[in-house]
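The structure under discussion appears below in the form of structure tokens.
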Amino acid sequence: MKFSSTEEYGLRCMLQMAKKGEKGNSTLVELAQKENLTPAHVAKIMGFLRKGGLVRSLRGQSGGYQLARPAEEIDVNEVLEALGGKFFSKEEYCASPSGEYQVCIHSMDCAIRSLWTGLEQSISGYLKKCKLSDLVATEPEMEKKIREKTLAMLPPLAGVLNGSPEEGKI
């Protein structure tokens, strides 16, 4: 599984704005310099984020972009969905059959679709718990937050992840 460069750099641009706070203002040139991108590429990314309701553009001499809501209210899942859509969409997956048929021959019984659906629910559920404000941290602080969120989501495996195999027996 891979995330696109648009998703990665879009999340990085959102993080740059989160560091400035809710009323902080960032220009395309500033974001481009901080992330080593072209202003045109940042403009494209900001267009996706604006359409997704995550940023607002400010006109005028002191214009630029700012977060549409506080970073505490924006989850990573909605940022990634605004930039690239859902990880897995049942409608899209089942609507694009391979081969000579017009419909998927597995549309009535597809274990793979169930696998992708479960994975989508797990990934989006996890990313919904990660707020943009969580990312305004040092790497060690973020690693600790991720570990805590992971342990909270996987109680039966908590002992194994903590290094105590007895506690983690299922």
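Quick note: the coordinates plus some simple rules give every number you see, no bench work behind them. Model, not experiment: these values are computed from the prediction. Glycine also receives a Cβ, built like all others from the backbone with ideal geometry; neighbour counts cover every protein chain displayed.
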* Structure fact -> Taking Cα pairs closer than 8 Å and at least 6 residues apart, the relative contact order of region 1-64 in percent is 29
* Where labels lie 7 Å past Cα in the beta-carbon direction, separation of Ala111 and Glu22 in nm -> 5.0
* When each of Lys2/Lys23; Lys44/Lys149; Lys86/Lys149; Lys34/Lys131 is checked by Cα-Cα distance, pairs over 28 Å -> Lys2/Lys23; Lys44/Lys149
